[in-house]
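To start, the structure under review is shown below, and the notes come after it.
Values quoted throughout were computed directly from the atomic coordinates according to the rules given, and no laboratory measurement underlies them. Computed from a prediction, not measured in an experiment: that's the story for all the values here. Backbone-built Cβ (ideal geometry, glycine too); neighbour counts: all protein chains shown.
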There are 2 protein chains.
Amino acid sequence: MGFIRETVENMQGYVPGEQPTEKLIKLNTNENPYPPSPAVFESMANFDMASLNKYPHPMSDAARDAAAALFGKDKNWICAGNGSDDILTIAIRTCVNAGEKIAVLDPTYSLYPVLAEIQDAQLIEISTNDDFSLPLNLIEQAGDAKLLILTSPNAPTSNAFPLDVIDAICANFKNAVLIDEAYADFSSTNCSSLVDKYDNVIISRTVSKSYSLAGIRFGYAYAQPAIIEQFMKVKDSYNINTLTQVLAEAALKDQAYFQDCISKIINTREFVIEKLNALGFETVQSEANFIFAKVPCDAQAYMNEMRENKILLRYFNNERCKEYVRITIGTDEEMDTFLQVTEKLINRQVNYE
Amino acid sequence: MGFIRETVENMQGYVPGEQPTEKLIKLNTNENPYPPSPAVFESMANFDMASLNKYPHPMSDAARDAAAALFGKDKNWICAGNGSDDILTIAIRTCVNAGEKIAVLDPTYSLYPVLAEIQDAQLIEISTNDDFSLPLNLIEQAGDAKLLILTSPNAPTSNAFPLDVIDAICANFKNAVLIDEAYADFSSTNCSSLVDKYDNVIISRTVSKSYSLAGIRFGYAYAQPAIIEQFMKVKDSYNINTLTQVLAEAALKDQAYFQDCISKIINTREFVIEKLNALGFETVQSEANFIFAKVPCDAQAYMNEMRENKILLRYFNNERCKEYVRITIGTDEEMDTFLQVTEKLINRQVNYE
């Protein structure tokens with residue numbers, strides 16, 4: 001077709017993790033196994049459905065205020081996105097012209113290269129060290145990229161980068177730095193303090209994982225108001241529907257439930273890591289709601305056998321990740337089943353050898 | 001700031017119509033005054049809120065099937081958007097490289113120039129005739145634009161263009177033609193038959209107006225599967241939240257309620273047009289859920305006075321539109337109040353002169 005951009009015609013789209021229709025233990029897309037806050041249910045029960053005939057608030061002000069309050073700020077520091085994927089698109093379209101460069105880590109979230117391609121941006125992929133830490137010459141490698149995306153905790157590797165290391169990068173990199181903190185709520189560290197310090201830092205967060213609300217699509221950018229003002233011009237005029245605004249606000253305001261949920265997931269994570277290590281897996285030090293583990297047998301075969309046992313994991317078939325699987329933290333019950341099946345498969349594997 | 005695209009830094013964002021917090025008769029943003037279908041309320045009541053911890057269906061398949069069924073097709077002919085504004089963005093990013101051209105009408109929906117600017121596309125504005133019909137040399141004016149956007153019924157002018165005229169344009173224009181049919185459900189004509197006929201035609205529709213669901217953000221593109229496939233690569237991976245998918249599907253399937261609602265609005269529209277004409281307004285032949293009317297006194301002053309009387313209208317302060325106001329069709333009760341206040345203001349105006 002002559003009327004489609006060559007870039008688009010030649011590209012592969014992003015392939016999201018499988019959303020199965022059968023009943024499976026779903027440990028493949030980093031969802032939270034617990035239901036959303038009771039405040040979300042209550043807000044829904046009180047919502048006037050007839051009001052859906054009206055447009056949403058174009059700026060999502062109430063939800064922005066709720067997000068801003070987490071940092072002691074007001075809504076001018078927040079841009080709301082239709083999921084944090086929308087924030088990534090907005091950041092790229094705000095900062096990067098066609099032909100300019102975007103720097104990302106390798107391995108990292110596989111959506112970034114797709115978004116760069118749509119924008120006709122060149123991609124600089126910066127390999128992390130063997131232990132998935134940041135290389136010392138990162139700024140040199142990022143070069144003249146208009147946007148540097150650091151993902152911390154990183155996906156699929158689960159490790160967070162030290163604050164002082166990221167601080168030094170933000171201080172010395174001349175263009176925009178987006179720190180994708182989709183998983184930071186599960187981490188002992190985060191970079192929110194850098195927003196006050198640097199005018200080129202954007203932090204993106206989401207309610208998808210830590211607030212059990214992947215279904216509503218609500219993410220946000222936290223940055224200095226001068227950046228947020230530019231983001232507002234680029235975002236879709238009514239990018240967040242009314243229900244999502246109401247439910248996100250309710251969830252963000254219920255910090256007690258949130259903290260409780262996070263604690264449970266971290267406890268489960270630490271328990272599962274210990275068990276996996278005992279079974280011969282090599283696990284990365286996780287600061288997320290998932291584990292990245294080197295499998296003591298063929299990783300892809302292991303994942304396929306787990307699938308046959310109705311347990312869904314995520315496998316990335318590339319050089320850096322091919323010996324690993326990514327395992328989302330489910331409920332204790334789900335993880336017990338996961339561990340039992342894993343133990344059975346691994347032991348059988350050992351007996352074969 | 002050195003790290004923001006110059007295009008973005010220099011541009012004005014889109015300014016949506018006012019969403020007032022006080023109680024007003026809101027005839028300014030073309031919303032449907034009636035509540036959504038009872039099927040929407042029922043779907044919501046049956047929805048399992050706990051499932052919001054999971055990601056939505058990435059392609060919105062059930063809602064796409066419901067939309068496709070309206071044309072006797074399957075989901076491969078539909079791309080779902082986060083409102084039809086999202087479809088516009090997807091179409092532009094699929095068809096138009098930075099520096100290439102987009103052709104739109106003038107006057108028309110004021111979002112198009114903003115979207116073109118974000119994409120660094122050049123805008124070709126094709127003036128409609130004095131009666132807001134299409135100029136005979138439209139194709140010549142559109143030239144080598146990669147995307148031609150025809151809005152029918154057009155906004156804010158309310159008139160639809162004849163099918164045979166649009167058919168001839170699609171047959172002869174070599175690049176993509178997007179027909180924005182946000183208001184076509186209120187019209188006696190539409191262009192859906194052209195999708196089977198031409199591989200370069202994209203029709204966009206929305207549930208915002210005719211299905212009373214502006215709050216959920218659901219629009220869609222209807223086009224041949226080869227185009228839809230390209231759109232799928234460009235859209236955000238999870239662009240429609242779970243609730244919106246469920247509610248849009250329910251609304252699209254309740255065609256009886258939909259038809260009933262449309263009939264009521266058309267009846268009210270015809271009644272109001274007659275009254276306005278009697279008061280000295282010159283109304284365009286409306287095929288939409290709003291009226292575009294030349295005001296028999298200063299249009300901006302009239303709009304402001306209506307605002308003081310708690311009735312919100314839309315005014316466009318530009319050369320082609322400055323003598324007109326755009327009036328959304330509300331309930332019969334709202335339009336009675338609208339007419340009473342209007343009559344009072346216009347008569348006083350006449351007495352002054």
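Reachable lysines from A:Lys26, Cα under 20 Å, same-chain residues fewer than 8 places away excluded?
Leaving aside lysines fewer than 8 places away in the same chain, those within reach of A:Lys26 are A:Lys209, A:Lys264, A:Lys275, A:Lys294, A:Lys310, A:Lys344, B:Lys54.
Could you give each residue of region A:127-134 its phi-based ³J(HN,Hα) in whole Hz, using Karplus coefficients 6.51, -1.76, 1.60 with θ = phi - 60°, and x for Gly or Pro?
5, 6, 5, 4, 8, 6, 7, 7
Once phi is turned into θ = phi - 60°, what whole-Hz ³J(HN,Hα) does the Karplus curve with 6.51, -1.76 and 1.60 give for every residue of region B:96-106, x standing for Gly and Pro?
Per residue, the Karplus-derived 3J(HN,Hα) values read 10, 6, 3, x, 7, 10, 10, 9, 9, 7, 9 Hz.
Compute, for region A:146-226, the length of the dipole vector about the Cα centre, with Cβ point charges of +1 (Lys, Arg) and -1 (Asp, Glu) only. Units Debye, rounded to 20.
Working: 6 positive and 7 negative charges, 53 e Å.
The dipole of region A:146-226 has a size of about 260 debye.
Under 5 Å between amide hydrogens, which residues at least 5 positions from B:Ile291 or on another chain qualify, with H placed 1.01 Å from N in the peptide plane?
It is B:Ile327, B:Thr328, B:Ile329, by chain and number.
Given the options A:Asp74, A:Asp65, A:Asp164, state which has the largest fluctuation in a GNM of chain A using a 10 Å cut-off (strictly under) for Cα springs.
Between A:Asp74, A:Asp65, A:Asp164, it is A:Asp164 that shows the largest mean-square fluctuation.
Let me spell out the model: positive unit charges on the Cβ of Lys and Arg, negative unit charges on the Cβ of Asp and Glu, origin at the Cα centre of chain B. What dipole size does that give, in debye rounded to 20?
520 debye
Would you mind checking which residues have amide H under 5 Å from B:Ala176's amide H? H placed 1.01 Å from N; only 5 or more apart, or other chain.
HN-HN under 5 Å from B:Ala176: B:Leu148.
Just need the relative contact order of region B:38-254 here, percent rounded to a whole number, with Cα pairs under 8 Å and 6+ apart. It would help to have the intermediate numbers written out before the result.
Working: 399 pairs, mean separation 63.9, N = 217.
Relative contact order for region B:38-254 comes out at 29 percent.
For A:Lys146, list the lysines whose Cα falls under 22 Å from its own Cα; do not include residues on the same chain fewer than 8 positions away.
Within reach: A:Lys101, A:Lys174, A:Lys197, A:Lys233, A:Lys235.
So what does log10 I(q)/I(0) come out to for chain A at q = 0.07, 0.11, 0.13 Å⁻¹, using the Debye formula with one equal point on every Cα and no solvent?
-0.31, -0.77, -1.07
Please find, in a Gaussian network model of chain B (springs between Cα atoms separated by less than 10 Å), the residue of B:Ile166, B:Ile291, B:Ile102 whose mean-square fluctuation is greatest.
In the Gaussian network model the winner is B:Ile166.
With +1 on each Lys and Arg Cβ and -1 on each Asp and Glu Cβ, and nothing else charged, work out how big the dipole of region A:48-202 is about its Cα centre, in Debye to the nearest 20.
Values: 9 positive and 22 negative charges, 89 e Å.
That gives region A:48-202 a dipole magnitude of about 420 debye.
Take the alpha carbon atoms of region A:184-283, find their radius of gyration, then divide it by 2.2 N^0.38 Å using N residues; give the quotient. Mind dumping the intermediate values first?
Values: Rg = 17.2 Å, N = 100, 2.2 N^0.38 = 12.7 Å.
So the Cα radius of gyration is 1.36 times the expected 2.2 N^0.38 Å.
For chain A, what is the percent of antiparallel DSSP beta bridges, rounded to the nearest 5?
On the way: 16 of 36 bridges.
Around 45 percent antiparallel, to the nearest 5.
Under 20 °C and 1.002 mPa s, how fast does the protein assembly as shown diffuse according to Stokes-Einstein, given a Kirkwood radius computed over C-alpha pairs? Answer in µm²/s, whole number.
Numbers: Rh = 26.7 Å.
Diffusion coefficient, whole number: 80 µm²/s.
Taking the square root of 5 times each eigenvalue of the Cα gyration tensor, what semi-axes in Å does the equivalent ellipsoid of region A:18-112 have, largest first? It would help to have the intermediate numbers written out before the result.
Numbers: eigenvalues 163, 120, 44 Å².
Its equivalent ellipsoid spans semi-axes of 29, 25, 15 Å.
In square nanometres, what is one fourth of the surface area of the convex hull spanned by the alpha carbons of region B:164-234?
Details: hull surface 21.0 nm².
Averaged projected hull area, Cα only: 5.3 nm².
Per residue of region A:207-215, in order, report the coupling 6.51 cos²θ - 1.76 cosθ + 1.60 (Karplus, θ = phi - 60°) as ³J(HN,Hα) in whole Hz, putting x for Gly and Pro.
These are the phi-based 3J(HN,Hα) values: 8, 4, 9, 6, 10, 6, 10, 4, x Hz.
Using only the Cα atoms, work out Rg/Rh for region B:124-267, with Rh taken as the Kirkwood radius, to two decimals.
So for region B:124-267, dividing Rg by the Kirkwood Rh gives 0.98.
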